[in-house]
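> Structure in structure tokens, see below.
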Amino acid sequence: MIIGIRHKPSFHLLVPLFSLSFPSPKWVSSTTPKTPSLDHHAHLQIFLDSEKNTKKQKPNYEFSLVSAFKSCSAHSRIPQGQQLHSLVLKSGLKSNIFILNSLITFYIKCGLISNAKTIFDSCTRLDAVSCNIMLCGYVKFGFLNDAYELFDKMTERNCVSYTTIIMGLVQKGFWSEGIWVFRDMRWFGVGPNEVTMVNVISAYLHCGGGIKVDKMLHGLVLKIGVTGFVHVYTNLLHLYCFRRCLKDASVLFNEMPEKNVVSWNVMLNGYTKAGLVDLGKEVFEQIVDKDVVSWGTIIDGYLQAARLNDAVKIYREMLYTGLRPNDIMIVDFLSTCGQVMSNFEGKQFHGVAVKLGFDLLDFIQATIIHFYAACGAVDLAHLQFEIGNKDHVACWNALIAGLVRNRKINEARDLFDHMPARDVFSWSSMISGYSQSKQPDLALGLFHEMLASGVKPNEITMVSVVSSIASLGTLKEGRWAHDYICKSSIPLNDNLSATLIDMYAKCASINDALELFNQIREKAVDVSPWNAIICGLAMHGHAHLSLDIFSDLLRRNIKPNSITFIGVLSACCHAGLVEAGEQHFQSMTKLYYVKPNVKHCGCMVDLFGRAGRLKEAEDLIRSMPMEADIVIWGTLLAACRTHGNTEIGERAAENLARLEPSHGPSRVLLSNIYADAGKWNDAFLVRQAMQSRGLTRSTGYSGVA
């Protein structure tokens, strides 16, 4: 649809929004006098009587006909309205603008838009009300091109005109065009009303704009005085929640003079989507008239947080109120049961699906297959597949993904080869299976088969493809994949961006990795691209730059995770920043609630070991919540050899021998420590023990031909 607006930089704000239902707007500001309620027969009789009494008093044809048309419109009495139309033509009243407007309105309300258009086009004298009525008719029946053509010709546009065309654009998903019309409206000084703002906020929600725009919208709402309309405030509330500005959302919510169940649900949804389920529960408890959306939102919040027991508890409370789950809720429960591998609860919801008849739905069947496969019950997944709909490709995809998850790659490929039809998810699951099972050559080979078959890959496919290229370390292939993503307009989401950055880093092209990161830096909302560049820079020895980027991350509204701190601690290790490493290691748990794992502890042992602080390294190993593995004890042993600490080296070697008695390199290291310390007898005894046990040192080799 072509929009030819006079683009003037005026009100540079605003944002889109999901469509909230709201009462029919009052399009005309003028009011009609209250008259006794009469049907069309009574109004017609008044009209006929007035003709007989023309000598006594001036007849009020206009009022009688307008009222009669209004009555016919309200009751969809098309034949009677058409009779009145004929009477208007015979009586010579077709030039009366008020009667014509009523006639056009009658046909529009009765769904006869072509009749209304014929009358409108034949009129020689039209006013703004006529144009607005016809404009509203076009919008109501989805004729946006006709609506905009009329709107563009209108010499007199008021709030009703602009609001009608904005509403039509927004309802059809033309968010940007609706915003441009609104800016045009503001440029010409036409003031918006509450209906305008509801639709404009909705448009900006879909198009974006940032918190600054949201604040300006909020300010305009306050300025024009439409704060008393609950739908305007509800849309603003959704806008703040969508931007994750929950503090602003909470303030606005508490200031709302009136709240309906939609307002409560929006605030509840804002908290749950942000992972703040407990705050969401507080809002949920305050909702007086909870509807199915309220229950579904809090249940979904618990499920997204993998708090299955809490979700089940709320589900039972919902059942006590008489409400029943819908198919979407059952899918959510089954999906979460698969994620947390809760076999018992999942079977219960499988039973609920069967009892309610939902198991006959194809997407429910696919979800059940996925659930059993995720729980490792491949036989039950196969059984569900056999009794399901073989024509539904999602069921095939679910079983293939389940077999891949359970490392049954050959079975998955056999099923893949027998599929009657394949979509992008079928190919992506199989390619992902090869990539995850360390078979990158097969993954790339299947990817090229996919392209040859004419199926276009998506971002999920390309994550597996780029990961396979990273495993092979083929930079040329990686650059081709990146170029293909850009040329094919495949969305570069955070996950795919992180995979590309990681690929460039592993292919020894850290500059390309850094360049790509800088391109997506301001758009990234997830921590994964930051993790990729922080770890990549640390791996290449650019420790200070890695830590600078980590500092930038902390200044943004993005929470670091376990992988972030592996990169940070590795960077500190490479740069010898012991104190900084200690601070970051402590802040993990105290500030960011990230529980250290064996890799974090290994980084700290390496950091202390390189700095010669071997006692602290050993104490850290002793205090670890998990048992140290051979890598950690080997790291400590190597540090003891570097710094000549025989005592701690002996203990490290003993623990290595306990974990892996056949670990020859550790005995070699201990022997070298003794030799460096001049303890030749001890060195000889270690070597002799190795020979008696048949332990050998691993032979070195090079991957370069």
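> Which residues, counting only those in the stretch 279-311, are more than 30 Å from Asn343 (Cβ to Cβ) and open to solvent by 80 Å² or more (accessible area, probe 1.4 Å)?
Glu282, Glu285, Gln286, Val288, Asp289
> If you check Lys109 against the conditions, is it farther than 19 Å from Phe63 by Cα, open to solvent by less than 80 Å² (accessible area, probe 1.4 Å) and among the basic types (Lys, Arg)?
No.
> Here is a check on your reading of the model: is Ala481 part of a helix (DSSP H, G or I) and not hydroxyl-bearing (Ser, Thr, Tyr)?
yes
> While we're here: Inspect all residues belonging to the stretch 321-333 and state whether any of them is within 19 Å of Val292 (Cα to Cα), in contact (Cβ under 8 Å) with a residue 12 or more places away in the chain, touching an Asp or Glu at 6+ places or on another chain (Cβ under 6 Å) and among the aromatic types (Phe, Trp, Tyr).
Scanning the stretch 321-333 turns up no residue that is within 19 Å of Val292 (Cα to Cα), in contact (Cβ under 8 Å) with a residue 12 or more places away in the chain, touching an Asp or Glu at 6+ places or on another chain (Cβ under 6 Å) and among the aromatic types (Phe, Trp, Tyr).
> Looking at (1) outside any helix (DSSP H, G or I); (2) closer than 20 Å to Gly536 by Cα, find the lone condition where Pro596 falls short.
(2)
> Now a separate question. Report yes if Asp512 is open to solvent by 10 Å² or more (accessible area, probe 1.4 Å) and assigned to a loop (DSSP other than H, G, I, E, B), otherwise no.
no
> What is the residue count in the stretch 153-191 for residues that are farther than 20 Å from Lys223 by Cβ and touching a Gly at 6+ places or on another chain (Cβ under 6 Å)?
Looking only at that region, the number is 2.
> Identify all residues within the stretch 222-263 that are in a loop (DSSP other than H, G, I, E, B) and either over 26 Å from the mean Cα position of the chain (by Cα) or of a type outside the set (D, E, K, R) (or both); write none if there are none.
Gly225, Val226, Thr227, Gly228, Phe229, Cys245, Met256, Pro257, Glu258, Lys259, Asn260 - these are the residues of the stretch 222-263 that are in a loop (DSSP other than H, G, I, E, B) and either over 26 Å from the mean Cα position of the chain (by Cα) or of a type outside the set (D, E, K, R) (or both).
> Can you confirm whether the stretch 188-202 contains a residue that is hydroxyl-bearing (Ser, Thr, Tyr), in contact with a Pro (Cβ under 7 Å, 6 or more places away or on another chain) and open to solvent by less than 20 Å² (accessible area, probe 1.4 Å)?
Checking the stretch 188-202: at least one residue is hydroxyl-bearing (Ser, Thr, Tyr), in contact with a Pro (Cβ under 7 Å, 6 or more places away or on another chain) and open to solvent by less than 20 Å² (accessible area, probe 1.4 Å).
> Also, I was wondering about something else. From the list Asn193, Asn269, Asn265, exactly one residue is at pLDDT 85 or above, polar (S, T, N, Q) and closer than 30 Å to Phe151 by Cβ. Which is it?
After applying the criteria, what remains is Asn193.
> Sort through Pro491, Pro560 and tell me the only one that's farther than 26 Å from Gly612 by Cα, in contact with a Leu (Cβ under 7 Å, 6 or more places away or on another chain) and at pLDDT below 95.
Result: Pro560 is the single residue among Pro491, Pro560 that is farther than 26 Å from Gly612 by Cα, in contact with a Leu (Cβ under 7 Å, 6 or more places away or on another chain) and at pLDDT below 95.
> Looking at Ser489 and the list (1) of a type in the set (Ser, Thr, Tyr); (2) crowded, with 23+ Cβ neighbours inside 10 Å; (3) not in a helix (DSSP H, G or I), which single condition is not satisfied?
Tallying (1) of a type in the set (Ser, Thr, Tyr); (2) crowded, with 23+ Cβ neighbours inside 10 Å; (3) not in a helix (DSSP H, G or I), Ser489 fails exactly one: (2).
> Yes or no: Gly322 more than 21 Å from Gly351 (Cα to Cα) and either assigned to a helix (DSSP H, G or I) or of a type outside the set (Lys, Arg) (or both)?
Taking the combined requirement at face value, the residue does not satisfy it.
> Of these, Gly473, Gly402, which one is at pLDDT below 95, in contact with a helix residue (DSSP H, G or I) (Cβ under 7 Å, 6 or more places away or on another chain), crowded, with 22+ Cβ neighbours inside 10 Å and of a type in the set (Gly, Ala, Ser)?
Gly402
> Continuing with the same structure: Going by what's in this entry, would Gly219 be described as over 21 Å from Val139 (Cα atoms), in a loop (DSSP other than H, G, I, E, B), small (Gly, Ala, Ser) and out of contact with any His (no Cβ under 6 Å at 6 or more places or on another chain)?
no
> Right, next: Which of the residues belonging to the stretch 525-573 are over 29 Å from the mean Cα position of the chain (by Cα), open to solvent by less than 20 Å² (accessible area, probe 1.4 Å) and small (Gly, Ala, Ser)?
Ala538, Ala543, Ala571
> If you don't mind, another one. Could you go through the stretch 424-439 and let me know if any residue there is part of a helix (DSSP H, G or I), open to solvent by 80 Å² or more (accessible area, probe 1.4 Å) and either more than 22 Å from Glu477 (Cβ to Cβ) or of a type in the set (A, V, I, L, M) (or both).
Yes; the residues of the stretch 424-439 include at least one that is part of a helix (DSSP H, G or I), open to solvent by 80 Å² or more (accessible area, probe 1.4 Å) and either more than 22 Å from Glu477 (Cβ to Cβ) or of a type in the set (A, V, I, L, M) (or both).
> A follow-up question, please. Could you list, in sequence order, all residues of the stretch 336-361 that are of a type in the set (Gly, Ala, Ser), assigned to a helix (DSSP H, G or I) and surrounded by 16 or more Cβ atoms within 10 Å (Cβ to Cβ)?
Gly338, Gly346, Ala353
The rows are residues; the columns are (1) at pLDDT 95 or above; (2) surrounded by fewer than 17 Cβ atoms within 10 Å (Cβ to Cβ); (3) farther than 28 Å from Phe333 by Cβ.
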{"site": "Phe363", "(1), (2), (3)": "no, yes, no"}
{"site": "Cys375", "(1), (2), (3)": "no, no, no"}
{"site": "Ile387", "(1), (2), (3)": "no, yes, no"}
{"site": "Phe447", "(1), (2), (3)": "yes, no, yes"}
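Results for (1) part of a helix (DSSP H, G or I); (2) among the small types (Gly, Ala, Ser); (3) in contact (Cβ under 8 Å) with a residue 40 or more places away in the chain, shown as yes or no for each residue.
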position: Phe120; (1), (2), (3): yes, no, no
position: Glu156; (1), (2), (3): no, no, no
position: Gly168; (1), (2), (3): yes, yes, no
position: Ile201; (1), (2), (3): yes, no, yes
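> Can you name the residue in the stretch 112-163 that is among the β-branched types (Val, Ile, Thr) and under 23 Å from Gly178 (Cα atoms) and is also most open to solvent (accessible area, probe 1.4 Å) among such residues?
Thr155
> Next up: Return the total of residues in the stretch 170-199 being part of a helix (DSSP H, G or I) and under 31 Å from the mean Cα position of the chain (by Cα).
Residues that pass the stated criteria total 17.
> May I pose another question? Looking at Val283, Val266, can you tell me which residue is part of a helix (DSSP H, G or I), more than 21 Å from the chain's Cα centre (by Cα) and among the aliphatic types (A, V, I, L, M)?
On inspection, the qualifying residue turns out to be Val283.
> I'd like the residue in the stretch 70-92 that is outside any helix (DSSP H, G or I) and either surrounded by fewer than 14 Cβ atoms within 10 Å (Cβ to Cβ) or basic (Lys, Arg) (or both) and, out of all such residues, is modelled with the lowest pLDDT.
Selected residue: Gly92.
> Within the set of pairs 6 or more residues apart or between chains, which connect a residue that is on the phi < 0 side of the Ramachandran plot inside the stretch 347-371 to a residue that is polar (S, T, N, Q) and open to solvent by 40 Å² or more (accessible area, probe 1.4 Å) with Cβ atoms less than 7 Å apart?
Matching pairs, first to second residue: Asp362/Asn389; Gln365/Asn389.
> Under 9 Å by Cβ, and 6 or more places apart or on different chains, what pairs join a residue from the stretch 607-628 that is within 15 Å of Glu579 (Cα to Cα) with one that is among the hydroxyl-bearing types (Ser, Thr, Tyr) and modelled with pLDDT under 90?
Gly609/Thr635; Gly609/Thr642; Arg610/Thr642; Gly612/Thr642; Ala617/Thr635
> Filter the stretch 440-470 down to the residues that are in a helix (DSSP H, G or I), in contact with a helix residue (DSSP H, G or I) (Cβ under 9 Å, 6 or more places away or on another chain), under 23 Å from Ala394 (Cα atoms) and small (Gly, Ala, Ser) and list them by number.
Hits for the stretch 440-470 are Ala443, Ser464.
The values are calculated or read from the model by the stated rules, or taken from the named source; none is laboratory data. Every value quoted in this text rests on a predicted model; they were computed, and no experiment measured them. When we count neighbours, we look across all protein chains shown, and the Cβ atoms used for this are built from the backbone with ideal geometry, even at glycine. Just the protein is used for accessible areas: all its heavy atoms, side chains included, with ligands, DNA and RNA removed. Shrake-Rupley method; radii C 1.70, N 1.55, O 1.52, S 1.80 Å.
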